[in-house]
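Encoded as structure tokens, here's the structure I'll be asking about.
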Amino acid sequence: MLSAMSKSAITIRGETLDRARIEQLLAESALLAFEECDFQQADLSRLNLQDCSFAHCAVAEASFYAANLARTRWQRCRGGHADFESADLVDARFDACDLNNASWRRAKLASAGFHGCKLTGANFEEVGQLGLRFEDCLLIGADLRRMSFRKPG
């Protein structure tokens, strides 16, 4: 179901989406808002989803490998084993998401924020992290190698 938010914005609700459908939507509008959508196991690698929002979406085992996800907003999404490796997530915000065992390896997470998220077992190895924030997050067993938690000074 589609509804126009403004001339260039489209809200997609309750759909199961694959790569072909996302590419079609991106051709129609540069700004997409996804609500209660299912992206499970979808290959969304290398897509430009910059500035899009995701609310109450299922992204388990989806691949966002090397995708442009800068300034995206994620609210209450479920994404166990999602692949964000090498993705651009600069200024992205995650609120109350369950992203256990997700891979963020080599992702650009500068100025990104995770608030109230479950990140158990997530892999944050070699991420670009300047300004990255974790607030009230569960990080049990997460791989945080090569991350610095020093305040710039």
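Only one of D18, D43, D95 is in contact with a helix residue (DSSP H, G or I) (Cβ under 7 Å, 6 or more places away or on another chain), surrounded by fewer than 17 Cβ atoms within 10 Å (Cβ to Cβ) and not hydrophobic (A, V, I, L, M, F, W, C); which? Give the derivation first.
Numbers: D18 fails: in contact with a helix residue (DSSP H, G or I) (Cβ under 7 Å, 6 or more places away or on another chain); D95 fails: in contact with a helix residue (DSSP H, G or I) (Cβ under 7 Å, 6 or more places away or on another chain).
Matching residue, one of D18, D43, D95: D43.
Considering each residue of the range 30-40, count those that are in a loop (DSSP other than H, G, I, E, B) and surrounded by fewer than 19 Cβ atoms within 10 Å (Cβ to Cβ), and give that number. Spell out how you get there, then give the answer.
In the first step, residues of the range 30-40 are kept if they are in a loop (DSSP other than H, G, I, E, B); the result is 30, 36-37, 39-40.
Applying the additional criterion that residues be surrounded by fewer than 19 Cβ atoms within 10 Å (Cβ to Cβ) yields 30, 36, 40.
Looking only at that region, the number is 3.
Same structure, new question: Could you list, in sequence order, the residues of the range 28-57 that are modelled with pLDDT under 95 and either under 12 Å from the mean Cα position of the chain (by Cα) or of a type in the set (G, A, S) (or both)?
Once the filter is applied, which keeps residues that are modelled with pLDDT under 95 and either under 12 Å from the mean Cα position of the chain (by Cα) or of a type in the set (G, A, S) (or both), the range 28-57 yields S29, A30.
The values are calculated or read from the model by the stated rules, or taken from the named source; none is laboratory data. Nothing here was measured: the structure is a model prediction, and the numbers come from that model. With ideal geometry, Cβ positions are generated from the backbone for all residues, glycine too; neighbour counts draw on all protein chains shown.
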